[in-house]
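Chemist: This is the structure I want to talk about, given as structure tokens.
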Amino acid sequence: MASFPEPIESALKELSRLPGVGKKSAMRILYHLLKGGSGTIEGLENALRLLKENIEKCPLCRGYKEKTAECPICCDPRRDLGLLCVVESTQDLHLIDSTSAFNGSYFVLHGLLSPFKGIGPEALGLEELRDRLDPGMLREVIIATPYTAEGEATSSFILSMIEGTGIKASRIGMGIPIGSDLSFVDPETLSRALSGRREVK
């Protein structure tokens, strides 16, 4: 078996933690960085440091924003603040926003309910979401969690929060295959899913 120097082993271990990056992909990335020399590694190092130092969660939508700037989603005056779309991740937020089929506000969960993984309502900021459920401000909440067991459990929990508020609750559905992740859905299908959302009773 090949024996790698400790710094390479350590880098491979960290790269392999990234989603969608297996051992072979981690090796390709690592050797690309090494082949590029110190300039390539320093460029990535600087970009990651800037990410660490200058990016934070928006206190309102919980998407990522630059620390020294307003959230580009929340400060956009053209958005309809009566519509709120709840998504699993910031990636899903940008996927939906790229369709131009939705011009409301967002709330990012950064995960889904999963008792087996120890992920409860507090980890998803659901109390913060509850604070936004003001019928004087909101007329509809669109739940855009995936159609997986965890996505459905999260959707049911959010529906129980909305119940009795007088706010309409809807769920994206048409065009999204059961068991699929939003990150694998093309923008046109996602746009149809938003347009064909249904009210949840």
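The values are calculated or read from the model by the stated rules, or taken from the named source; none is laboratory data. Note that this is a predicted model, so its numbers are computed, not measured. Cβ coordinates were reconstructed from backbone atoms using ideal geometry, including for glycine residues, and neighbour counts include every protein chain displayed. When the accessible area is computed, the model is the full protein with side chains, heavy atoms only, and any ligands, DNA or RNA have been set aside. Shrake-Rupley method; radii C 1.70, N 1.55, O 1.52, S 1.80 Å.
Chemist: Has segment 75-84 got at least one residue that is under 28 Å from residue 138 (Cα atoms), surrounded by 11 or more Cβ atoms within 10 Å (Cβ to Cβ) and free of Cβ contacts under 8 Å to residues at least 24 places away in the same chain?
Modeler: Checked segment 75-84: at least one residue is under 28 Å from residue 138 (Cα atoms), surrounded by 11 or more Cβ atoms within 10 Å (Cβ to Cβ) and free of Cβ contacts under 8 Å to residues at least 24 places away in the same chain.
Chemist: Let me ask something else about it. Would you list the helices (runs of 4 or more DSSP H) that sit entirely within segment 105-201 and hold 1 or more residues that are at pLDDT below 85 and not hydrophobic (A, V, I, L, M, F, W, C)?
Modeler: 187-195
Chemist: Test each condition in (1) assigned to a helix (DSSP H, G or I); (2) touching a residue at least 24 places away in the same chain (Cβ under 8 Å) for residue 42 and report the one that comes out false.
Modeler: (2)
Chemist: Given the criteria out of contact with any Lys or Arg (no Cβ under 9 Å at 6 or more places or on another chain) and either of a type in the set (D, E, K, R) or closer than 22 Å to residue 190 by Cβ (or both), does residue 68 qualify?
Modeler: Judged against the criteria, residue 68 is not a match.
Chemist: Let me ask another. Going through 106, 147 one at a time, which residue ends up being aromatic (Phe, Trp, Tyr), farther than 27 Å from residue 72 by Cβ and within 16 Å of the chain's Cα centre (by Cα)?
Modeler: None of the others qualify; the one that does is 147.
Chemist: Looking only at residues in segment 157-176 that are touching a Ser or Thr at 6+ places or on another chain (Cβ under 9 Å) and not hydrophobic (A, V, I, L, M, F, W, C), which one is surrounded by the fewest Cβ atoms within 10 Å (Cβ to Cβ)?
Modeler: Only one residue tops the list, namely 175.
Chemist: Further question: Search segment 132-156 for residues being touching a helix residue (DSSP H, G or I) at 6+ places or on another chain (Cβ under 9 Å) and among the aliphatic types (A, V, I, L, M), and hand back the single one that is surrounded by the most Cβ atoms within 10 Å (Cβ to Cβ).
Modeler: The extreme case among them is 144.
Chemist: A further question follows. Does segment 99-112 contain any residue that is open to solvent by 20 Å² or more (accessible area, probe 1.4 Å), of a type in the set (Gly, Ala, Ser) and touching a residue at least 60 places away in the same chain (Cβ under 8 Å)?
Modeler: yes
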